[in-house]
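The values are calculated or read from the model by the stated rules, or taken from the named source; none is laboratory data. Because the structure is a prediction, the values reported are computed rather than measured. No Cβ is skipped: glycine too gets one built from the backbone with ideal geometry, and neighbour counts run over all protein chains shown. The area values use the complete protein model at the heavy-atom level, side chains included, leaving out ligands, DNA and RNA. Shrake-Rupley method; radii C 1.70, N 1.55, O 1.52, S 1.80 Å.
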Amino acid sequence: MLKKTSHFMREANFIGGAWVEADSGATIEVVNPATRQTIGTVPKCGRAETRRAIEAAEEAFHSWKKTSANDRAKLLRKLHDAILDNQEALAELLVMEQGKPLAEARAEVGMSAAYVLWYAEEGRRVYGDVVPSPWADRRILVTKEPVGVIGAITPWNFPSSMLARKIGPALAAGCTAVAKPASQTPYSGLALGVLAEEAGFPAGVVNIVTGSASEIGDELTENPLVRKITFTGSTEVGKVLIQKSAGTVKKVSMELGGNAPFLVFDDAGVERAVEGAVAAKYRNSGQTCVCTNRFFVQEGIYDRFVEKLVEATNRLKVGSGLEDGTQQGPLIDEKAVEKVEELIADAAEKGGKVVAGGKRHSLGGTFFEPTVIAEASPEMRFMQEEIFGPVSPIFRFHEEEEAVKLANDTAFGLACYFYTADLGRAFRVMEGLKYGLIGVNEGIITTVEAPFGGLKESGLGKEGGHQGIEDYLDTKYVCIGGLGL
Ligand code: NAP
């Protein structure tokens, strides 16, 4: 382990500027998915510690909201620089707790820094309006103010960047935060607390609590001091958080599950489509919300696409994320492997053909062979369920309209991709797809400059782009009368 990595592996929670244990002294073990060894523990906190974190954030909010956007931007730029200065150590920590290949972890940490910098800049451009008044002696102002304390809950698949893209806009807007990282990958979130402290953010502006998801979640959603909940994770948990937030009418933003379709039309270049397919499917071993869940390939190109995707899939190097050249790390846990096995068995029973991979990898543990299933059909469970693993089911279609219909036949609406060389078709399909993110002839499209977020049951609100700061702001209308004009 790099010396600096251990500096960031904090086995304590960050509440009101102090590093503390759980009141009960209870802890949660954190396991490296590649070795199945426990790498450390973090506090198992509950409602009481979360309440204290919220109160610390509320107290800090009174002065933090009065700082200038420029001063907040200066601190955020320091945080950005500190993330990049420690990119290697943070990436190693991420691999140890999450399993992804080091190159992907470096890229994720780079994205975290990029979100912080983007919002350092966007925070300085939170404009209000002066509206033409219908009254001669009154003037109308519209102002934007930080909402207050926000609660942020993040998943295990991107433990660094998912938190950075919440904390970045929140702090830039003048909010203070209580964050709860996923229990399987808490260290990358806690590391952001270490860096925020070292960058000089005042005590209480950033608080990080680990432990019981339901207790921390209940306090964050029920406590009236929290004015916004921002969540990235499963649709199932997102719905519970929306319901619980209703009791105190909080703002909510939800980045939830996906079921991404990837359409390949006969006129697409097969090599480019396969390159995009590998990127959109196998990143983080298929464990991203924007990973392709269903490939729909037109009949004329179907056989060539399957052949080339099988070749590319078989070339992927599976191994520990810290080994040179690894492209596929382990799955997060045994439950994830069992789900993938169940989905493959279901497909095989319904006529699917396993043409690459299909079983646990010889490395053992939670390593799984990158898999391709040809002749997928709509009655298979992949059609509606998120796989979250390295499996590519390939469906065959005949007509453009049929492909769009199949692609939209899901409760989700996060990311989708399609490949075509026909400009007219590109617009027709783009306008027909009910998705928040669309890659046309591209398999990787996330960037800090663009608004990321799903439609339908994939979520509410946007992260990234100039839109990503809006959910952390309240709009006020001020009417100034009696001006005697
Ligand atoms: P998850 O089970 O929903 O967990 C996400 C977070 O919610 C974790 O911190 C978890 O804590 C916490 N949580 C669980 N139950 C809770 C409760 N009752 N109250 C409050 N918090 C609770 O999701 P996951 O398995 O970690 O992540 C995978 C899912 O996230 C997939 O569906 C994926 O598509 C989605 N995702 C979406 C996006 C996006 O931007 N749309 C990005 C990444 C991932 P514990 O870890 O302590 O259980």
Fraction of beta bridges assigned by DSSP in the chain that are antiparallel (%, nearest 5): 40
Once amide hydrogens are built 1.01 Å from N within the peptide plane, the residues lying 5 or more places from residue 296 or on another chain with amide H under 5 Å from its amide H are 262, 263, 264, 395
Using Cα centres only, tell me the gap between region 167-183 and region 1-74 in whole Å. 12
What relative contact order, as a whole-number percentage, does region 208-359 give when Cα pairs under 8 Å and 6 or more residues apart are counted? 16
Summed residue charge, Cβ within 15 Å of residue 17's Cβ, Lys/Arg positive, Asp/Glu negative: -4
Most packed first (mean Cβ within 10 Å per residue), the peptides 326-337, 22-33, 163-174, 290-301 order as 163-174, 290-301, 326-337, 22-33
Over 29 Å (Cα to Cα) - which of 244/281; 66/166; 335/456 fall in this group: 244/281
Over region 351-390: Kirkwood hydrodynamic radius from C-alpha pairwise inverse distances, Å: 11.2
Table column - 3J(HN,Hα) (Hz), region 317-332, Karplus curve with 6.51, -1.76, 1.60, x for Gly and Pro: 8, 9, x, 5, x, 7, 7, 4, x, 5, 10, 9, x, x, 7, 5
Once phi is turned into ³J(HN,Hα) by the Karplus curve 6.51 cos²θ - 1.76 cosθ + 1.60 with θ = phi - 60°, what whole-Hz value does each residue of region 146-158 show in order, with x for glycine and proline? x, 5, x, 6, 10, x, 10, 10, 10, x, 8, 7, 9
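Between Rg and the Kirkwood Rh of the chain, both from Cα atoms, what is the Rg to Rh ratio? List each step's numbers first, then the result.
Working: Rg = 23.4 Å, Rh = 23.3 Å.
We get a ratio of 1.00 for the chain.
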Measure of exposure for residue 466: accessible area at 1.4 Å probe, Å² rounded to 10, is 110
Please report the spacing between the Cα centers of region 271-335 and region 206-232 in Å, no decimals. 35
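Using 0.36 nm per residue, how much length does the chain from residue 377 to residue 333 gain when fully extended, once their Cα-Cα distance is taken away?
On the way: separation 44, 0.36 × 44 = 15.84 nm, distance 2.78 nm.
Stretched out fully, the residue 377 to residue 333 stretch lengthens by 13.1 nm.
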Using the Karplus curve 6.51 cos²θ - 1.76 cosθ + 1.60 with θ = phi - 60°, what ³J(HN,Hα) values do you get for each residue of region 438-444, in whole Hz, with x for Gly and Pro? 10, x, 9, 6, 9, x, 10
Under a straight-distance cross-link criterion of Cα-Cα below 12 Å, which aspartates and glutamates are reachable from residue 74, leaving out those fewer than 8 residues away in the same chain? 121
For residue 24, which sequence-distant residues (separation of 5 or more, or a different chain) have an amide H within less than 5 Å of its own amide H, given hydrogens modelled in the peptide plane? none
Answer with one residue from 190, 237, 203: the one whose Cα lies farthest towards the positive end of the charge dipole of region 167-323, charges on Cβ with Lys, Arg +1 and Asp, Glu -1. 203
Among 290, 268, 370, whose Cα lies farthest out toward the positive end of the dipole of the chain, if unit charges sit on the beta carbon of Lys, Arg (+1) and Asp, Glu (-1)? 290
